[in-house]
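The values are calculated or read from the model by the stated rules, or taken from the named source; none is laboratory data. Predicted model, so just to flag it, every value in this text is computed and none were measured. With ideal geometry, Cβ positions are generated from the backbone for all residues, glycine too; neighbour counts draw on all protein chains shown.
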Amino acid sequence: MRIARYVADDGDPSYGIVELAEDAGGHPDTIAAISGDPLAGPVKYTGERHALDDIRLVSPVIPRSKVVAIGKNYAAHAAEFNSTVPTEPLAFLKPNTSVIGPGEPILYPPETSDLHFEGELAIVIGRICRRVPAERAAEVIFGYTIANDVTCRDLQAKDRQWSRAKGYDTFCPLGPWISTHLSLDEVAQLEISTTLNGQARQASDTSLMVYPIPRLIEFVTSFTTLLPGDVILTGTPEGVGPMQPGDSVSVQITGLGTLTNPVVAES
Ligand code: MG
């Protein structure tokens, strides 16, 4: 199942189930409205339907408490900064106020001159959890989506810690929807790629993660409680690079869709 949040006719955001022509055939890509919050309990179809082209998707989830991100989780990305992979997962936090949805602008702040994209697989947590052993990780996962871990590379080096460089408003695009039907094994071997203005920049595979998803959940929940709707970013592969105002950046993961955002100078 693919769960999205959307706005139709400038109303309030609603949850909906995305039905793609590639799955069912015979109809255009559609979204079927559901009532309630799928992260909180059972939902019902309301009967309302829209063509996907007629609505505006927003972030499929607003993390209840935090986005926990993992650094240097692909060896080739660590190597492009003359670094090595850490001996245990490296975690940092992005505030939930950094989250935006598909199509919403990434704002280029005046304090940077080196703003980078980082395409990543994102895990959406489904249950309150702490100290989850790796072998039980699947029990706390609601689904998967795509993220762009937007980073001011110059401020990251200058500040030494990463709160500002990765925490600006708009620095965590998520979407286009949450896929809940994939198994851990399936998600462990998906092609991930990033394009800038249609030109290939990153191309890798989630099988190249240094620490796989179950280990990341075990590690993150060893120090913090995760709430339903919290998000874990699993790290970016090699090929990160700068964006400029006017650019369009797209992160694609096979089976999860494409997350596209424009870059706009912060005014
Ligand atoms: Mg990252």
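Scanning the stretch 211-235 for residues that are surrounded by fewer than 20 Cβ atoms within 10 Å (Cβ to Cβ) and over 19 Å from Arg64 (Cα atoms) returns Pro212, Pro214, Arg215, Glu218, Phe219. Restricting the first member to the stretch 213-236 and to residues that are free of Cβ contacts under 8 Å to residues at least 60 places away in the same chain, and the second to residues that are within 16 Å of the ligand (Cβ to nearest atom), no beta-carbon pair is closer than 6 Å while six or more apart or on different chains. Can Ala33 be described as in contact (Cβ under 8 Å) with a residue 60 or more places away in the chain, assigned to a strand (DSSP E or B) and surrounded by 13 or more Cβ atoms within 10 Å (Cβ to Cβ)? No; evaluated as a whole, the condition is false for this residue. Listed by position, the strands (runs of 3 or more DSSP E) contained in the stretch 38-87 that have at least 3 residues being in contact (Cβ under 8 Å) with a residue 60 or more places away in the chain are 67-71. For the stretch 105-162, the tally of residues that are of a type in the set (Phe, Trp, Tyr) and more than 20 Å from Gln202 (Cα to Cα) stands at 3. The number of residues in the stretch 144-168 that are under 16 Å from the mean Cα position of the chain (by Cα) and part of a strand (DSSP E or B) comes to 6. When Val67, Val7, Val43 are checked against the criterion of being aliphatic (A, V, I, L, M), at pLDDT 95 or above and either surrounded by 15 or more Cβ atoms within 10 Å (Cβ to Cβ) or touching a Ser or Thr at 6+ places or on another chain (Cβ under 7 Å) (or both), a single residue qualifies: Val67. In the stretch 156-210, the residue that is nearest to the ligand (Cβ to nearest atom) out of those that are loosely packed, with under 14 Cβ neighbours inside 10 Å and within 18 Å of Pro242 (Cα to Cα) is Ala157.
Looking only at residues in the stretch 77-113 that are of a type in the set (D, E, K, R) and within 15 Å of the ligand (Cβ to nearest atom), which one is farthest from Leu233 (Cα to Cα)? Filtering first and then ranking leaves Glu80.
All conditions but one from (1) closer than 25 Å to Asn197 by Cα; (2) surrounded by 14 or more Cβ atoms within 10 Å (Cβ to Cβ); (3) polar (S, T, N, Q) apply to Asn96; the one that does not is (1). Within this structure, Thr236 passes the test of being modelled with pLDDT of 95 or more, in a loop (DSSP other than H, G, I, E, B), under 20 Å from Ser98 (Cβ atoms) and among the β-branched types (Val, Ile, Thr).
Across the stretch 14-30, the number of residues qualifying as in a loop (DSSP other than H, G, I, E, B) and farther than 18 Å from Gly143 by Cβ comes to 5.
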